[in-house]
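The values are calculated or read from the model by the stated rules, or taken from the named source; none is laboratory data. Because the structure is a prediction, the values reported are computed rather than measured. Methodologically, a virtual Cβ is constructed for each residue, glycine included, from the backbone with ideal geometry; neighbour enumeration extends over all protein chains shown.
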2 protein chains.
Amino acid sequence: MSVRPPATVGQQLDEVDTPALVLDLDAFERNQKALFETAKNVRVRPHAKTHKCPEVGKRQIAAGAVGMCCQKVSEAEALVDGGIADVLITNEVVGPAKIARLATLSKRARLGVCVDDPGNLRAIAASGARLDVYVEIDVGMRRCGVAPGEPALALAKEIAQHRKLRFGGLQAYHGMAQHLRSTAERRAAIEKSAAAVRATRDLLGRAGIDCPRVTGAGSGTYMLEIQTGAWDEIQPGSYAFMDADYARNEWAAPLPRFEHALFVLTTVMSRPAPDRAIVDAGLKASSVDSGMPGIWQRPGLAYTRASDEHGWVEGAPSPHLGEKLLLVPGHCDPTVNLYDWYVCVRRGRVEALWAITARGALY
Amino acid sequence: MSVRPPATVGQQLDEVDTPALVLDLDAFERNQKALFETAKNVRVRPHAKTHKCPEVGKRQIAAGAVGMCCQKVSEAEALVDGGIADVLITNEVVGPAKIARLATLSKRARLGVCVDDPGNLRAIAASGARLDVYVEIDVGMRRCGVAPGEPALALAKEIAQHRKLRFGGLQAYHGMAQHLRSTAERRAAIEKSAAAVRATRDLLGRAGIDCPRVTGAGSGTYMLEIQTGAWDEIQPGSYAFMDADYARNEWAAPLPRFEHALFVLTTVMSRPAPDRAIVDAGLKASSVDSGMPGIWQRPGLAYTRASDEHGWVEGAPSPHLGEKLLLVPGHCDPTVNLYDWYVCVRRGRVEALWAITARGALY
């Protein structure tokens, strides 16, 4: 059932079949350098929900990452199968089938998980899993997580009662802050989050509970979390690839400007009218949840509309039939999840093919 | 790399791990019956871009379909590998790598393809492929296809000059008409398309070129195409499953009302506040390009927002932690493309698991 790669090593980019997910290795490596040079005095645990690929993860670890994080037990399974030894599931794991898999996996790797409910915590404890357990607190995104303060303390106390569970600390991630466009708005949001983190950590301390770690932060804000001093570990994912939506943010100090390293290679498959070019990458090839893809280094062209397998390209000079274009995905994470392979390219030549082994790992 | 199924045969639906793509077999079979009972006096060639699964295709053929259609060479490869002997690619196939695969596949099955450019036609002819070649005409959606009339005649004449190519007829599909909300608007659009089809067919006839077939039409309009008398073959795909976007159409005679047969099973994974339930199916589990998913048979609840791996459910009575809900995808085609397996359920019990072997078949 796995799809064979659309390229072979040694091909020129222009020979690659389309649509294909292209990773520019030089740009990826510059993004790695930019992250690890700026993220000082914190642990870096990149988010594999973005890349879903042990090969990418191993390069992040080689650059200094302490391990990976991910959102799903099945993603953690794929990462551990691919040789990643330390994985934090930055999410709640609910239901007997998932908890059983979590317990099994916890015997093969250092594994962490988040909780926001005492019943769920007891179910995890009863499974025999050996885990770092983090209390997720809601620091502004109104998704999962208990309120900061007393509810977090109550859960931390409960964790301490279970012999095989270690209290890992607090998961404190403000996802919506990542996409606030101005640095000032993002800073204001993160400073509010930091106040909630500090208050909770102080409360834990007064109750005699050591909080080993506060983990969270994403590519759009991580330097702001670091500057507050309230986080010990950051979880950026998109920094490695960037996308058209993140590019709409203001990128200013203290954050570095990451580069687009991820592209969808597409072919002009129809030129039915002088003002209309149709490409072979539609919404099954580049996720449109955060807007249409951009077109790389063709400033006169715009990708204006997507249907399932087609995209409309308008503007001038209009590309010819058979011409290949690189698209910048609107949103990198769900776009990666549409592919089985990264076609890794350096200076126009295919250098490697990396399997996206956690593609479709939903459960 | 293929993902193992989230269920086993014999399980109760409530035991299935989540998120999972669930096919209600009774509803699917009723949709099959409704289609084949209404589509009289035309050939039915269902579109496999929706289901991407030879098991579904074989059931469509058993119900009376003449074969499948699809959009990509790699989809056609998966269908032929799965035992489908007659496949029409309702799309242009451009570029040497794809045309070479098309030629290879044409030796293993009855294969059709569309063209809208003479240079592309000559490249296909030069490949040695043995194919039915259809001229795609633009009947209103302004995507691919030559203009009706003379440009179509010129291409048909060119096809006749190539020994291994048969002129299959006209591909005439108005995708945008499918989602016009009122039946009257859809009828007006299809009557305009029919006029373009008739004019082109008449022109071919006057030039002494037999047009074996006019193929096109989708789930939202196919009875309207049939009533014009201008089409010989229809290509509905979504009828088998339905989705929340199609459900927003007016469904009135002559079209039957198809049922929702496709669902995403999801678990409430967090209940952090009395008014907030978070489910484990986000936009990687149910495509949001045509809006948020609906919630099946829970009229007080709404799925209001999606992030990559989470969904927000609001309303009353609010579901409890661990409760499972069925979502009705906003758009069935790209949602199916996120999964490797249909969990086929009848009256609450898993009856079969069908592999979605053309999932991710983009090229």
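Which helices (runs of 4 or more DSSP H) does the stretch B:170-281 wholly contain that include 2 or more residues that are within 14 Å of chain A (Cβ to nearest Cβ) and either within 28 Å of B:R30 (Cα to Cα) or of a type in the set (V, I, T) (or both)? Give the derivation first.
Numbers: elements: B:183-206, B:222-228, B:244-247.
Correct list: B:244-247.
Inside the stretch B:106-137, can you point out the residues that are touching a residue at least 40 places away in the same chain (Cβ under 8 Å) and surrounded by 24 or more Cβ atoms within 10 Å (Cβ to Cβ)?
Within the stretch B:106-137, B:G112, B:C114, B:V115, B:I124, B:Y134, B:E136, B:I137 qualify.
Anything in the stretch A:210-232 that is buried (at least 22 other Cβ atoms within 10 Å of the Cβ), touching a helix residue (DSSP H, G or I) at 6+ places or on another chain (Cβ under 9 Å) and not hydrophobic (A, V, I, L, M, F, W, C)? List them, or say none.
A:G216, A:G218, A:S219, A:G220, A:T221, A:Y222, A:E225
Six or more apart or on different chains, Cβ under 8 Å: which pairs go from a residue in the stretch A:145-159 that's under 16 Å from A:Y173 (Cα atoms) and within 14 Å of chain B (Cβ to nearest Cβ) to one that's of a type in the set (S, T, Y) and not in a loop (DSSP other than H, G, I, E, B)? Could you list them?
That search, which allows pairs on different chains as well, returns A:G145/B:S270; A:P148/A:T200; A:G149/A:T200; A:A152/A:T200.
Can you work out which of the residues in the stretch A:83-94 that are buried (at least 21 other Cβ atoms within 10 Å of the Cβ) and of a type outside the set (V, I, T) is nearest to A:A48 (Cα to Cα)? It would help to see each step written out before you state the result.
Residues of the stretch A:83-94 buried (at least 21 other Cβ atoms within 10 Å of the Cβ): A:84, A:87-94.
This time we only want the ones that are of a type outside the set (V, I, T), so: A:88, A:91-92.
Numbers: A:L88: 10, A:N91: 13, A:E92: 16 Å.
Selected residue: A:L88.
Any idea which of A:A361, A:A306 is within 13 Å of chain B (Cβ to nearest Cβ), touching a residue at least 24 places away in the same chain (Cβ under 8 Å) and over 19 Å from the mean Cα position of the chain (by Cα)? Don't jump to the end; show me each part of the working.
Working: A:A361 fails: over 19 Å from the mean Cα position of the chain (by Cα).
Just one listed residue meets the conditions, A:A306.
Residue by residue, here is whether (1) surrounded by fewer than 16 Cβ atoms within 10 Å (Cβ to Cβ); (2) farther than 17 Å from A:A273 by Cα holds:
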| position | (1), (2) |
| --- | --- |
| B:V146 | no, no |
| B:A154 | yes, no |
| B:R163 | yes, yes |
| B:T183 | no, yes |
| B:V197 | no, yes |
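Do we find that A:G291 is part of a loop (DSSP other than H, G, I, E, B), out of contact with any strand residue (DSSP E or B) (no Cβ under 8 Å at 6 or more places or on another chain), more than 23 Å from B:T90 (Cβ to Cβ) and within 10 Å of another protein chain (Cβ to nearest Cβ) in this structure?
no
Within the stretch B:84-104, does at least one residue satisfy the condition of being charged (D, E, K, R) and more than 14 Å from every other protein chain (Cβ to nearest Cβ)? Steps first, answer last, please.
Of the residues in the stretch B:84-104, the ones charged (D, E, K, R) are B:86, B:92, B:98, B:101.
Cutting the leftovers down to more than 14 Å from every other protein chain (Cβ to nearest Cβ) gives us B:86.
Yes, that holds for at least one residue.
Could you list, in sequence order, the residues of the stretch B:294-303 that are over 18 Å from B:T18 (Cβ atoms) and assigned to a loop (DSSP other than H, G, I, E, B)? Spell out the reasoning first.
Pass one, the stretch B:294-303, residues over 18 Å from B:T18 (Cβ atoms): B:299-300, B:302.
Across the stretch B:294-303, the qualifying residues are B:P299, B:G300.
Restricting to the stretch A:185-195, name every residue that is surrounded by 22 or more Cβ atoms within 10 Å (Cβ to Cβ) and either in contact with a Gly (Cβ under 6 Å, 6 or more places away or on another chain) or more than 24 Å from A:A65 (Cβ to Cβ) (or both).
A:S193
Can you find even one residue in the stretch A:314-326 that is part of a strand (DSSP E or B), without any contact (Cβ under 8 Å) to a residue 60 or more places away in the chain and within 13 Å of chain B (Cβ to nearest Cβ)? Talk me through it step by step, then tell me what you get.
Start the filter on the stretch A:314-326 by keeping residues that are part of a strand (DSSP E or B), which leaves A:314-315, A:324-326.
Checking which are without any contact (Cβ under 8 Å) to a residue 60 or more places away in the chain leaves us with A:314-315.
Checking which are within 13 Å of chain B (Cβ to nearest Cβ) leaves us with A:314.
Looking for residues that are part of a strand (DSSP E or B), without any contact (Cβ under 8 Å) to a residue 60 or more places away in the chain and within 13 Å of chain B (Cβ to nearest Cβ), one finds at least one in the stretch A:314-326, hence yes.
I'd like to check something: does the stretch B:81-95 contain any residue that is free of Cβ contacts under 8 Å to residues at least 24 places away in the same chain, farther than 23 Å from B:C344 by Cβ and more than 22 Å from the chain's Cα centre (by Cα)? I'd like the intermediate steps shown before the answer.
To start, the set of residues in the stretch B:81-95 that are free of Cβ contacts under 8 Å to residues at least 24 places away in the same chain comprises B:95.
From the residues that got through so far, the ones that are farther than 23 Å from B:C344 by Cβ too are B:95.
Filter once more, keeping what is more than 22 Å from the chain's Cα centre (by Cα): B:95.
The answer is yes; a qualifying residue exists.
Looking at the stretch A:343-356, is at least one residue within 13 Å of chain B (Cβ to nearest Cβ), buried (at least 18 other Cβ atoms within 10 Å of the Cβ) and farther than 25 Å from B:P96 by Cα?
yes
Which of the numbered conditions does A:V3 fail, given that it passes all the others? Conditions: (1) more than 21 Å from A:A247 (Cβ to Cβ); (2) at pLDDT 95 or above.
In the conditions (1) more than 21 Å from A:A247 (Cβ to Cβ); (2) at pLDDT 95 or above, A:V3 misses (2) alone.
Out of contact with any Leu (no Cβ under 8 Å at 6 or more places or on another chain), of a type in the set (D, E, K, R) and without any contact (Cβ under 8 Å) to a residue 60 or more places away in the chain: is that true of A:R271 in this structure?
Values: out of contact with any Leu (no Cβ under 8 Å at 6 or more places or on another chain): no; of a type in the set (D, E, K, R): yes; without any contact (Cβ under 8 Å) to a residue 60 or more places away in the chain: yes.
No, not satisfied.
Among (1) of a type in the set (V, I, T); (2) crowded, with 17+ Cβ neighbours inside 10 Å; (3) touching a residue at least 24 places away in the same chain (Cβ under 8 Å), where does B:I61 come up short?
Condition (3) is where B:I61 drops out.
Counting just the residues of the stretch A:37-46 that are surrounded by fewer than 24 Cβ atoms within 10 Å (Cβ to Cβ) and within 17 Å of the chain's Cα centre (by Cα), which one comes out farthest from A:V80 (Cα to Cα)? First the steps, then the outcome.
Narrowing the stretch A:37-46 to residues surrounded by fewer than 24 Cβ atoms within 10 Å (Cβ to Cβ): A:37-44.
Now narrow it down to the ones that are within 17 Å of the chain's Cα centre (by Cα): A:39, A:43-44.
Values: A:A39: 25, A:R43: 20, A:V44: 18 Å.
Residue satisfying both the conditions and the ranking: A:A39.
Just to be sure I understand, how many residues within the stretch A:30-65 are part of a helix (DSSP H, G or I), in contact with a helix residue (DSSP H, G or I) (Cβ under 8 Å, 6 or more places away or on another chain) and under 30 Å from A:A281 (Cα atoms)?
Going residue by residue through the stretch A:30-65, those that are part of a helix (DSSP H, G or I) are A:30-38, A:48-51, A:54-62.
Then keep just the ones that are in contact with a helix residue (DSSP H, G or I) (Cβ under 8 Å, 6 or more places away or on another chain); that gives A:31-32, A:34-35, A:38, A:48-51, A:54, A:56-57, A:59-60.
In the following step, the residues that additionally are under 30 Å from A:A281 (Cα atoms) were identified as A:31-32, A:48-51, A:54, A:56-57, A:59-60.
So the count comes out to 11.
Looking at (1) aliphatic (A, V, I, L, M); (2) in a loop (DSSP other than H, G, I, E, B); (3) surrounded by fewer than 19 Cβ atoms within 10 Å (Cβ to Cβ), which one does A:A361 not meet, given that it meets all the others?
(3)
Just to be sure before I move on: is A:R142 surrounded by fewer than 22 Cβ atoms within 10 Å (Cβ to Cβ), at negative phi and of a type in the set (D, E, K, R) in the structure I sent? Walk me through how you get there before you give the answer.
On the way: surrounded by fewer than 22 Cβ atoms within 10 Å (Cβ to Cβ): yes; at negative phi: no; of a type in the set (D, E, K, R): yes.
In short, no.
On the given criteria, is A:R163 at pLDDT below 95 and either assigned to a loop (DSSP other than H, G, I, E, B) or charged (D, E, K, R) (or both)?
Details: at pLDDT below 95: yes; either assigned to a loop (DSSP other than H, G, I, E, B) or charged (D, E, K, R) (or both): yes.
The answer is yes for A:R163.
Give the stretch B:3-28 a look and list any residue that's surrounded by fewer than 16 Cβ atoms within 10 Å (Cβ to Cβ) and either part of a loop (DSSP other than H, G, I, E, B) or away from chain A (no Cβ under 14 Å) (or both), or say none. Step through it out loud before you land on a result.
Filtering the stretch B:3-28 down to residues surrounded by fewer than 16 Cβ atoms within 10 Å (Cβ to Cβ) leaves B:4, B:8-10, B:12, B:14-15, B:26.
Correct list: B:R4, B:T8, B:V9, B:G10, B:D26.
Check B:V135 against each of (1) under 22 Å from B:T50 (Cβ atoms); (2) in a strand (DSSP E or B) and name the one condition it does not meet.
Condition not satisfied by B:V135: (1).
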